[in-house]
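Engineer: Submitted below is the structure of interest, expressed as structure tokens.
The values are calculated or read from the model by the stated rules, or taken from the named source; none is laboratory data. Model, not experiment: these values are computed from the prediction. For neighbour counting, all protein chains shown are included, and Cβ atoms are generated from backbone atoms with ideal geometry for every residue, glycine included. Quick note on the areas: whole protein, heavy atoms, side chains included, nothing else; ligands and nucleic acids left out. Shrake-Rupley method; radii C 1.70, N 1.55, O 1.52, S 1.80 Å.
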Amino acid sequence: MCSCMAKELARQGMKVALLNRTLEKAERIKNEIEERGGEALAISCDVLDVERVKQAAEMVADVYGPCDVLINGAGGNHPQGITTKEILELQDLGNQDITTFFDLTTEGFSYVFDLNILGTIIRRSIFSNRWWAEGEPSLIFPR
């Protein structure tokens, strides 16, 4: 979904910075944007690595100047951090083929929480601090 948003924003004339844990994925979208006449920057960035997010924000500022729009597309799951079924039924308890809320592991749940919550907070904090130092942003799109 974020790649579609990035492509459309670029089509509308915005310069797009693509931050992705996997540089190759960001470069693939960057190339598509550039093939269509848009401008994009691909940056490898783990949203849970504060120093890496700071470096990415610096790279964006160096290339494009102040960031006006931030769309958070990072997120995901972990097999041990999600349930098999959306609704718990009493007969599901103890069924080895079904993962209930009570079967979630700390590792799996922590991974999902960190990626989806802390990753958003880290990125928003770093980019927001830059915005206020450089002047108020025109738009912010939280996830």
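Engineer: Calculate one ³J(HN,Hα) per residue across region 83-97 by plugging θ = phi - 60° into the Karplus curve 6.51 cos²θ - 1.76 cosθ + 1.60, and present them in order as whole Hz with x for glycine and proline.
Structural biologist: 8, 6, 10, 6, 10, 7, 10, 3, 5, 6, 5, x, 6, 5, 8
Engineer: Where does the chain land at 222 nm, in deg cm²/dmol rounded to the nearest 500, when only DSSP H runs of n ≥ 4 count, each adding -39500 (n - 2.57), divided by all residues?
Structural biologist: Mean residue ellipticity at 222 nm (helix-derived): -13500 deg cm²/dmol.
Engineer: Quick one: which residues, 5+ away or cross-chain, put their amide H under 5 Å from the amide H of Thr99? H built at 1.01 Å from N.
Structural biologist: Here the answer is Thr84, Lys85, since their amide H atoms fall under 5 Å of that of Thr99.
Engineer: Okay, moving on. To the nearest 0.05, what FRET efficiency results for Val50 and Asn95 with a Förster distance of 35 Å applied to their C-beta separation?
Structural biologist: Efficiency at R0 = 35 Å is approximately 0.30.
Engineer: Rounded to the nearest 0.05, what FRET efficiency is calculated for Glu34 and Asp68 with R0 set to 30 Å and r the Cβ-Cβ distance?
Structural biologist: Between Glu34 and Asp68 the formula returns 0.90.
Engineer: Can you check what the net charge comes to around Thr83, using other residues whose Cβ is under 12 Å from the Cβ of Thr83 (Lys, Arg +1; Asp, Glu -1)?
Structural biologist: -3
Engineer: Once R0 is set to 25 Å, what does the formula 1/(1 + (r/R0)^6) return for the Cβ-Cβ distance between Arg11 and Met59, expressed as a FRET efficiency to the nearest 0.05?
Structural biologist: My answer for the efficiency is 0.65.
Engineer: Picking from Gln91, Val50, Thr22, whose Cα lies most toward the positive end of the charge dipole for region 22-132 (charges on Cβ: Lys, Arg +1; Asp, Glu -1)?
Structural biologist: So the residue furthest toward the plus end is Val50.
Engineer: Now for a different question. Give the carbon-plus-sulfur fraction of the accessible surface of the chain in %, rounded to a whole number; probe 1.4 Å, heavy atoms of protein chains only.
Structural biologist: About 53 percent, which is the carbon plus sulfur part of the accessible surface.
Engineer: Quick query: amide H of Ala42 versus all other amide H atoms, modeled in the peptide plane; which residues come in under 5 Å with a sequence gap of 5 or more or a different chain?
Structural biologist: Residues meeting the criterion, in which the H sits 1.01 Å from N, are Leu18.
Engineer: Further question: How do Arg123, Arg130, Arg21 rank by accessible surface area computed with a 1.4 Å probe, from largest to smallest?
Structural biologist: Arg21, Arg130, Arg123
Engineer: Which option, [x] 33; [y] 56; [z] 21, is the value of percent of Cα pairs over 27 Å apart that was calculated from these coordinates?
Structural biologist: It is the one labelled [x].
Engineer: What does the accessible area per residue of region 1-134 come to in Å², with a 1.4 Å probe and no ligands, DNA or RNA counted?
Structural biologist: 64 Å²
Engineer: What is the angle, in °, between the Cα long axis of helix 23-35 and the longest principal axis of the Cα atoms in the chain? Nearest 10 is fine, range 0 to 90.
Structural biologist: Between the helix axis and the principal axis of the chain, the angle is about 50 degrees.
Engineer: Sorted by accessible area with a 1.4 angstrom probe, largest first, how do Arg124, Arg36 fall?
Structural biologist: From most exposed to least exposed: Arg36, Arg124.
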